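Reading through the structure tokens given below for one structure.
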Amino acid sequence: MVTLTRPARTASPSVEHPQLETPRYRRNRSRPKWVSIPLRFLVPALLVAGWWIGSATGLIREEILAGPPAVWTAFAELYQSGQLVDFGLASLQRAALGVSVGVIVGLVLGVLSGLSSLGEELIDSTMQINRAVPFLALVPLFIAWFGIDETFKVILIAVATVAPMYAYTYLGVRGVDRKMVEAAQGFGLTGWRLVFGAILPTALPGVLMGLRICLSLSITGLIAAEQVGTREGIGYLVTLAQEYNRTDYMVLCIVMYAALGLIFDAVVRLIERYSMPWRRLSVAR
């Protein structure tokens, strides 16, 4: 009689498990202000230093590009006469009015087109045509329609800014998660309450990016608008500098346009800081 015996179990080699480590909490390690602020102005300061050295050594001729001392002298002359403040405020007012009209129209059209297929069919093709046509080509036509008064200037800036706001708002609304919209509807949000309470806050990054592009384009529209029928503004100062071949005034006008751009960028950054505080936590330092 054959007796079956269970084979002896062989000892399996011991498997060493790796030691698990507790993941470290990722903190927002921001630089101190005394380091961050100088870094923002480092490259512009180097450019100004190179410009100053080139003018002082004669590498950059005065009739081609005025040096920083000449530009500062022109700034002092205009500031003491009061024209600098008046011209700057006039340009700022035109740009602000034009951007406000363009942003509001583009925002409304982008929301309507992004929320419904009917809105997209009615609006999108027209806005794509508007985006494809350079707004500078519309200057002669707008002069024939609106004259050369302030209305022409504000409308030109508004037309220049409406297309970017529409495009970014449309993309932002279309990128909203449908489940989030359904959840908001389950809590009783409908109509414009749904738009302002759920859809626009979710699409806010795209909307603010559109606002940033609009503010940049408004400077270009402002330059074109102030070349026609203007007696005050930075564009009028550019025309005077061109007639009298004053490169110091030309450079000063460029600096003033750059200052307007910095003001607009600071406004957008301030809005981002208080409307989307969580974005600062995702920036790699």
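The values are calculated or read from the model by the stated rules, or taken from the named source; none is laboratory data. For clarity, every value in this text was computed on a predicted model and none was experimentally measured. Here Cβ is always computed from backbone atoms with ideal geometry, including for glycine, and neighbour counts include all displayed protein chains.
Structure above, values below:
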| item | result |
| --- | --- |
| Selected residue (criterion: surrounded by the fewest Cβ atoms within 10 Å (Cβ to Cβ)) from residues of segment 106-119 that are touching a residue at least 12 places away in the same chain (Cβ under 8 Å) and over 13 Å from V162 (Cβ atoms) | L115 |
| Residues of segment 218-244 classified as surrounded by fewer than 21 Cβ atoms within 10 Å (Cβ to Cβ) and in contact (Cβ under 8 Å) with a residue 12 or more places away in the chain, total | 11 |
| Hits in segment 258-281 (condition: touching a residue at least 40 places away in the same chain (Cβ under 8 Å) and hydroxyl-bearing (S, T, Y)) | S275 |
| Some residue of segment 29-51 being modelled with pLDDT of 70 or more, over 32 Å from the mean Cα position of the chain (by Cα) and polar (S, T, N, Q) | no |
| Segment 63-105: number of residues that are touching a residue at least 60 places away in the same chain (Cβ under 8 Å), in a helix (DSSP H, G or I), surrounded by fewer than 18 Cβ atoms within 10 Å (Cβ to Cβ) and of a type in the set (D, E, K, R) | 1 |
